[in-house]
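Input: a single structure, listed below in C-alpha cells.
No value in this document is a laboratory result; all are computed from the given coordinates. Keep in mind that what you see is a predicted model, and the values were worked out from it rather than measured. Because the Cβ atoms are built from the backbone with ideal geometry, glycine has one as well, and the counts that use them run over all protein chains shown.
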Amino acid sequence: MIERIAPVTPRIASVILKADLARHVSGQHLDVRLTAPDGYTAQRSYSIASAPGEPVELLVEKLDDGEVSPYFHDIAQAGDAIEVRGPLGGHFIWRAEDGGPVLLVAGGSGIAPLMAMVRDWARTAVDLPLMLVCSARTWDELACRDELLGLEASRTGFRFVAAITRGPVQRAGDRAQRLDAAALKELIVRWGHLPRHVLVCGSNRFVEGVTRGLADATLAAGMIRTERYGGAE
Ligand SMILES: Cc1cc2nc3c(=O)[nH]c(=O)nc-3n(C[C@H](O)[C@H](O)[C@H](O)COP(=O)(O)OP(=O)(O)OC[C@H]3O[C@@H](n4cnc5c(N)ncnc54)[C@H](O)[C@@H]3O)c2cc1C
C-alpha cells in the first residue's frame, strides 16, 4: 500500500510504501505492477532508496510520455494498493562489510539505489570514505539535496559533488558540466582516495558516458558496477 507521496524535485516523487517485504540490501529494486480496470497490466522496476530495515521509499521520475511513472505523480494517492515483488537484484549492491573507498555516480533518478547505500553507510560505516557525484540538469533537480548537504556537513568521510548540466553551480567544489573523463579524474584526485567499489546508475546514455569516462580516467573496468534505467540508447 502507498503510505505517502511527496515531490522531492519538480520531476521526482518520493513514494513511501507500507509493505511486508524481506529486508533488502542497498541497491536492490522492486518490480511494481499496475493493473487497469480492463485487466491491462504494466510492470516496471524501481530501486529502493531507503536504508535496509527502514520503510521502503521509491524515487520515481516522471516521464511525460511514460506508461507507469506518471501514475505516481498524477493519480496515485496515500492508501492506494499497488502490487510489488521483491526485493530483487544481486549484482548492483553494496554492504558496509564490502568496504571502500566507495565512489557512487548518479544521473537523475539514478540516485535512488545510491541513496540507499549512502543512508546505509551513514548508519554503519563511519570511517569509510564515500563520495557521491550526482548529475542533474539544475540545482533544484538534485533529489535529496538537503539531506546530502546535511550529511556532508556532519560527517567527515562523506563527500557530495553536484554536476549541473543546464544551470549555475552553487558551491565551489561542484561542476557545471557533463561528467567526462577529465572531470571524473579531477574529482577522484581531489577526493584523494582510489575507489575500491564504483557504482554508477542512471539512464542508458548517462551510464555509458560515465563508464567510458571512468575507464579513460584509468579505473579498472572490473571495479565498476552499473544499473541502467532505460531511455536513449
Ligand atoms: C533495475 C531498475 C531500477 C529502476 N529504478 C528506477 C527508479 O528508482 N526511479 C525511476 O524513476 N526509474 C527507475 N527505473 C526505470 C523504470 O523502471 C521505468 O523504466 C521508468 O519509470 C519509465 O517507465 P514509464 O512506464 O513511465 O515509461 P515507458 O512507457 O516505459 O517509456 C516512455 C518513454 O521514455 C523512455 N524512457 C524509459 N526509461 C527512461 C529513462 N530512465 N530515462 C529517459 N527515458 C526513458 C522510453 O524509451 C520511452 O520512449 C528502473 C529501471 C530498472 C531496470
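Only one entry of Asp146, Asp127, Asp140, Asp120 meets the criterion of being assigned to a loop (DSSP other than H, G, I, E, B) and charged (D, E, K, R), and that entry is Asp127.
Within the range 212-233, residues that are within 16 Å of the ligand (Cβ to nearest atom) sit with their Cβ atoms under 7 Å from residues that are small (Gly, Ala, Ser), at 6+ positions apart or across chains, in these pairs: Tyr229/Ser109; Tyr229/Gly110; Tyr229/Gly202; Tyr229/Ser203; Gly230/Ser203; Gly231/Ser203; Ala232/Ser203. A single member of Leu149, Leu132 is of a type in the set (A, V, I, L, M, F, W, C) and either surrounded by fewer than 24 Cβ atoms within 10 Å (Cβ to Cβ) or more than 22 Å from Phe206 (Cβ to Cβ) (or both), and it is Leu149.
Residue-wise test of (1) loosely packed, with under 14 Cβ neighbours inside 10 Å; (2) assigned to a helix (DSSP H, G or I); (3) among the β-branched types (Val, Ile, Thr).
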residue	(1), (2), (3)
Arg190	yes, yes, no
Cys201	no, no, no
Leu219	no, no, no
Gly222	yes, yes, no
Gly230	yes, no, no
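If you go through the range 39-82 and keep only what is among the hydrophobic types (A, V, I, L, M, F, W, C), touching a residue at least 60 places away in the same chain (Cβ under 8 Å) and touching a Leu at 6+ places or on another chain (Cβ under 7 Å), you end up with Ile48, Ala49, Ile82.
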